[in-house]
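Participant: Can you read through this structure? Questions will come right after.
The values are calculated or read from the model by the stated rules, or taken from the named source; none is laboratory data. Keep in mind the model is a prediction, meaning the values are calculated, not measured. Using ideal geometry, Cβ is built from the backbone for each residue, glycine included, and neighbour counts are taken over all protein chains shown. These accessible areas exclude ligands, DNA and RNA; they are computed on the full protein's heavy atoms, side chains included. Shrake-Rupley method; radii C 1.70, N 1.55, O 1.52, S 1.80 Å.
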Amino acid sequence: MSLNIPDVKKTVMCRGERFRLYLDKETIQRRVEELGREISRAYEGKRPILIGVLNGAFIFLADLMRAIDIDCEVDFLKLSSYGAQKISSGVVHELKKIDAPIEGRHVIVVEDIVDTGLSMRFIIEKMREYRPASVRTATLLHKYEATRVDVELDYVGFRIENLFVIGYGLDYGQLGRNLPEIYILDED
Ligand code: 5GP
């Protein structure tokens, strides 16, 4: 029997721009499992609630949650997005609020990527209004050179270059989210 290993594309085109492979499936999965183990250890007996930030975080959150082996819950909020731009507008709006009551709960905000940090800071402030027992943050990617505000990131998957990325939930004008790997803008 021959193994059918699909070819991972080294470059992809999205909306007329070329992106190159940056993080493959195995690398992402290994790191997500490590984060899941860390969270499981830190929250033993606490039943945390993961708050996913739509739309980008849904794939990371689904994998992260399955890597957590203690009781945990989930809810989602949605912020305004980049639209089809590659640069952060710096203006954040809340488009969908969470439904779950989180007063007295241990909240972990789950983002796909922290760029300027404005969205994460906005969300942390919003969460604190509900008086949770604690608020921590998890992000798969951190563009650390682009971060302009002081924001505490507790669980970080990868610190990455300051270039636009797509795949594994991250989009360019709503496309590219379904790529299983993460691709970065190829400037050459
Ligand atoms: P921030 O508020 O930190 O500038 O941006 C956070 C949000 O901007 C992320 O949740 C994500 O939706 C979007 N974003 C930032 N950088 C990128 C990127 O490189 N690729 C994609 N697809 N979205 C990004």
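Participant: If residue 22 satisfies all but one of (1) more than 16 Å from the ligand (Cβ to nearest atom); (2) at pLDDT 95 or above, what's the number of the condition it fails?
Facilitator: Unmet condition: (1).
Participant: Just a yes or no: is a residue in the range 115-129 within 13 Å of the ligand (Cβ to nearest atom), in a loop (DSSP other than H, G, I, E, B) and touching a helix residue (DSSP H, G or I) at 6+ places or on another chain (Cβ under 7 Å)?
Facilitator: Checking the range 115-129: at least one residue is within 13 Å of the ligand (Cβ to nearest atom), in a loop (DSSP other than H, G, I, E, B) and touching a helix residue (DSSP H, G or I) at 6+ places or on another chain (Cβ under 7 Å).
Participant: Can you tell me which residue within the range 130-147, out of those that are open to solvent by 20 Å² or more (accessible area, probe 1.4 Å) and assigned to a helix (DSSP H, G or I), is farthest from residue 59 (Cα to Cα)? It would help to see each step written out before you state the result.
Facilitator: First, the residues of the range 130-147 that are open to solvent by 20 Å² or more (accessible area, probe 1.4 Å): 130-136, 142, 144-145, 147.
Adding the requirement that they be assigned to a helix (DSSP H, G or I) leaves 144-145.
On the way: 144: 22, 145: 25 Å.
Result: 145.
Participant: Which pairs do you get when a residue that is among the aliphatic types (A, V, I, L, M), found in the range 109-129, comes within reach of a residue that is more than 9 Å from the ligand (Cβ to nearest atom) and part of a helix (DSSP H, G or I), reach meaning Cβ atoms under 9 angstrom, with the pair 6+ apart or on two chains?
Facilitator: The qualifying pairs are 109/123; 109/124; 109/127; 110/60; 110/61; 110/64; 110/65; 114/144.
Participant: Out of 62, 67, I need the residue that is in contact with a helix residue (DSSP H, G or I) (Cβ under 8 Å, 6 or more places away or on another chain), open to solvent by less than 60 Å² (accessible area, probe 1.4 Å) and at negative phi. Which one?
Facilitator: Values: 62 fails: in contact with a helix residue (DSSP H, G or I) (Cβ under 8 Å, 6 or more places away or on another chain).
So the residue among 62, 67 that is in contact with a helix residue (DSSP H, G or I) (Cβ under 8 Å, 6 or more places away or on another chain), open to solvent by less than 60 Å² (accessible area, probe 1.4 Å) and at negative phi is 67.
Participant: The conditions are (1) surrounded by fewer than 22 Cβ atoms within 10 Å (Cβ to Cβ); (2) modelled with pLDDT of 95 or more, and residue 91 fails exactly one of them. Which is it?
Facilitator: (2) is the only condition that residue 91 fails.
Participant: Right, something else. Return the residues of the range 155-177 that are open to solvent by 40 Å² or more (accessible area, probe 1.4 Å) and either farther than 15 Å from residue 31 by Cβ or in contact (Cβ under 8 Å) with a residue 24 or more places away in the chain (or both); say none if nothing qualifies. Working first, answer last.
Facilitator: We begin by selecting, within the range 155-177, every residue open to solvent by 40 Å² or more (accessible area, probe 1.4 Å); these are 159, 161-162, 174-175.
Hits for the range 155-177 are 161, 162, 174, 175.
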